[in-house]
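Read the structure below first, then the notes.
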Amino acid sequence: MASGTGIIRTADICDDFGDEVLVCELAFADFAARDHFHGEAVTFATYEDNQGIRELLAEGGAGKVLVVDGRGSLRRALCGGNIAALAHQHGWQGLIFNGAIRDSHEFADLDFGVKAIGTTAMAPRKDGIGRRGVEIYIGNITIHPGDYVYADRDAVIVSTRPVHDL
């Protein structure tokens with residue numbers, strides 16, 4: 001599965017597990033130093049508002065991936081360089097945004113994964129409408145808290161359990 005590199009490839013998982021995994025149909029771009037990562041899904045649903053994300057990330061993320069459903073908005077960023085650095089400091093494996101980030105140049109040297117559908121310069125709102133730990137629907141798949149997320153250059157895929165050699 002790792003193709004001799006220690007990297008878990010989403011295509012290999014799809015070959016080995018077929019319909020047991022779901023492929024997210026969004027086209028993500030990579031913004032941090034690592035374009036491959038995996039971990040337990042922590043979910044957050046919002047719209048142009050990132051209040052609550054910083055606090056969630058500060059709780060620690062060893063072995064976890066934060067998946068944020070920002071409903072595809074590219075009008076306001078859900079994460080900037082400071083929040084990404086906080087996530088990296090607290091051990092998160094990666095961040096995935098169905099929405100925009102900003103200050104993308106500040107992500108480049110962070111040794112973890114960040115995927116988003118785009119960038120913008122506009123700051124997020126701070127209304128507190130976000131909800132954590134909820135089922136989210138992005139890219140024609142449903143992601144539940146506790147599902148397992150695999151991401152690389154090809155895709156973001158989700159399984160109800162880890163399917164790689166632990």
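Just so you know, all these numbers are worked out from the coordinates, no wet-lab data involved. Computed from a prediction, not measured in an experiment: that's the story for all the values here. In this analysis, Cβ positions are derived from the backbone assuming ideal geometry, glycine residues included, and neighbour counts consider all displayed protein chains.
Selection over the stretch 14-56 of residues that are of a type in the set (Lys, Arg) and in contact with a strand residue (DSSP E or B) (Cβ under 8 Å, 6 or more places away or on another chain) gives a count of 1. Being in contact (Cβ under 8 Å) with a residue 24 or more places away in the chain and within 30 Å of GLU20 (Cβ to Cβ) is not true of ILE101. Among the residues of the stretch 105-117, the ones that are under 17 Å from ARG153 (Cβ atoms) and not in a loop (DSSP other than H, G, I, E, B) come to 5 in all.
Under the condition of being charged (D, E, K, R) and touching a Phe, Trp or Tyr at 6+ places or on another chain (Cβ under 8 Å), the residues counted in the stretch 39-63 number 1. Checking the structure you have, find out if any residue of the stretch 106-116 is in contact with a Gly (Cβ under 6 Å, 6 or more places away or on another chain) and either within 21 Å of GLU59 (Cβ to Cβ) or buried (at least 20 other Cβ atoms within 10 Å of the Cβ) (or both). Within the stretch 106-116 (the criterion being in contact with a Gly (Cβ under 6 Å, 6 or more places away or on another chain) and either within 21 Å of GLU59 (Cβ to Cβ) or buried (at least 20 other Cβ atoms within 10 Å of the Cβ) (or both)), the answer is yes, since at least one residue qualifies.
Output the residues belonging to the stretch 64-84 that are exposed (fewer than 15 other Cβ atoms within 10 Å of the Cβ) and touching a Phe, Trp or Tyr at 6+ places or on another chain (Cβ under 9 Å). Break it down stepwise before answering.
If we filter the stretch 64-84 for residues that are exposed (fewer than 15 other Cβ atoms within 10 Å of the Cβ), which is where we start, we get 71, 75, 82.
Selection gives ARG71 alone.
Checking ILE101, ILE96, ILE83 one by one, the residue that is closer than 19 Å to ILE138 by Cβ and touching a helix residue (DSSP H, G or I) at 6+ places or on another chain (Cβ under 9 Å) is ILE101 and no other.
Condition check ((1) touching a Leu at 6+ places or on another chain (Cβ under 9 Å); (2) among the aromatic types (Phe, Trp, Tyr)) across all residues:
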{"position": "LEU110", "(1), (2)": "no, no"}
{"position": "LYS115", "(1), (2)": "yes, no"}
{"position": "PRO124", "(1), (2)": "yes, no"}
{"position": "ILE138", "(1), (2)": "yes, no"}
{"position": "ILE143", "(1), (2)": "yes, no"}
{"position": "TYR150", "(1), (2)": "no, yes"}
{"position": "ASP154", "(1), (2)": "no, no"}
